[in-house]
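Here's the structure we're looking at; comments come further down.
The values are calculated or read from the model by the stated rules, or taken from the named source; none is laboratory data. Since this is a predicted model, take the numbers as computed values, not measurements. Counting neighbours? That spans all protein chains shown, and the Cβs are built from the backbone with ideal geometry, glycine included.
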Amino acid sequence: MSIESVIKPKIIYEAKALPYEYDELVPIITKSMLKKFYSDYEKCVKHLNDSQYTLAQTKENLQNYQFFDYWEEEITKGEFLLSLYEVYWSIMSPLGLGGYPGTKTIKLIKKSLAHFNQFKEHLINAADTLSGSGWSVLMYLPQVGQLKVFQVEEGKCLDNSIIPILSCYVQDEAEYPNLLYGRREYLENWWNLINWFEVEKKIIESIKKP
């Protein structure tokens with residue numbers, strides 16, 4: 001057995017613990033749903049570490065150089081997806097603990113999207129109209145100092161110069177028990193889990209970034 005075959009991959013990315021228990025977002029996100037979502041997050045972290053290791057090994061051995069671009073793209077997409085997951089975990093809180101939109105949040109949303117209710121509709125529609133699994137994301141665009149809602153299909157990646165502020169994950173095979181209108185009703189309910197304190201914090205930090 002060669003030395004290379006027993007070298008363990010270096011762990012660069014690690015899955016962060018949730019800021020709440022699996023059952024603390026019930027009944028809007030069931031315990032089983034949250035466990036499934038978190039399992040997807042762990043797979044994302046593993047794929048990122050595997051991709052980094054494979055790219056490093058390929059470059060070190062000067063083999064399969066035609067795959068350099070492929071693995072670098074996998075890492076870029078993986079890092080973007082990781083950022084969406086980690087924003088998603090951070091901007092949710094148990095019912096009744098998320099507060100209300102802060103002054104900076106409201107001001108910037110009105111500047112960017114005209115009306116706060118219009119922003120809510122954009123965010124929910126972007127998630128509801130995804131053909132499969134994916135994301136609805138409120139992004140801060142530093143170049144223009146404004147916010148914009150993006151629909152991100154699974155496996156896609158946006159420009160890494162824009163900053164995710166608030167993200168909503170929907171899974172194609174997710175079950176929405178006892179909901180007459182399925183995903184749409186789930187998203188309307190999910191809105192009540194948003195941690196507006198964290199959203200305000202992210203907006204302030206994003207505005208301050210050079």
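Tabulated data for the structure shown
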| read-out | value |
| --- | --- |
| Single unsatisfied condition, VAL144 versus (1) within 25 Å of VAL45 (Cβ to Cβ); (2) out of contact with any strand residue (DSSP E or B) (no Cβ under 7 Å at 6 or more places or on another chain) | (1) |
| LYS110 vs. criteria basic (Lys, Arg) and closer than 20 Å to HIS47 by Cβ | no |
| In the stretch 104-130, the residues that are touching a residue at least 24 places away in the same chain (Cβ under 8 Å) and surrounded by fewer than 14 Cβ atoms within 10 Å (Cβ to Cβ) | LYS111 |
| Any hit, the stretch 191-200, residues being in contact with a Leu (Cβ under 9 Å, 6 or more places away or on another chain), of a type outside the set (Phe, Trp, Tyr), modelled with pLDDT under 95 and surrounded by 14 or more Cβ atoms within 10 Å (Cβ to Cβ) | no |
| Unique residue being part of a loop (DSSP other than H, G, I, E, B), modelled with pLDDT under 90 and β-branched (Val, Ile, Thr) when the list is ILE29, ILE11 | ILE11 |
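One line per residue, one yes/no per condition, for (1) at pLDDT 90 or above; (2) among the polar types (S, T, N, Q); (3) over 21 Å from GLU200 (Cβ atoms):
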site: GLN66; (1), (2), (3): no, yes, yes
site: TRP71; (1), (2), (3): no, no, yes
site: PHE80; (1), (2), (3): yes, no, yes
site: VAL87; (1), (2), (3): yes, no, no
site: ILE91; (1), (2), (3): yes, no, no
site: LEU95; (1), (2), (3): yes, no, no
site: LYS110; (1), (2), (3): yes, no, no
site: LEU130; (1), (2), (3): yes, no, yes
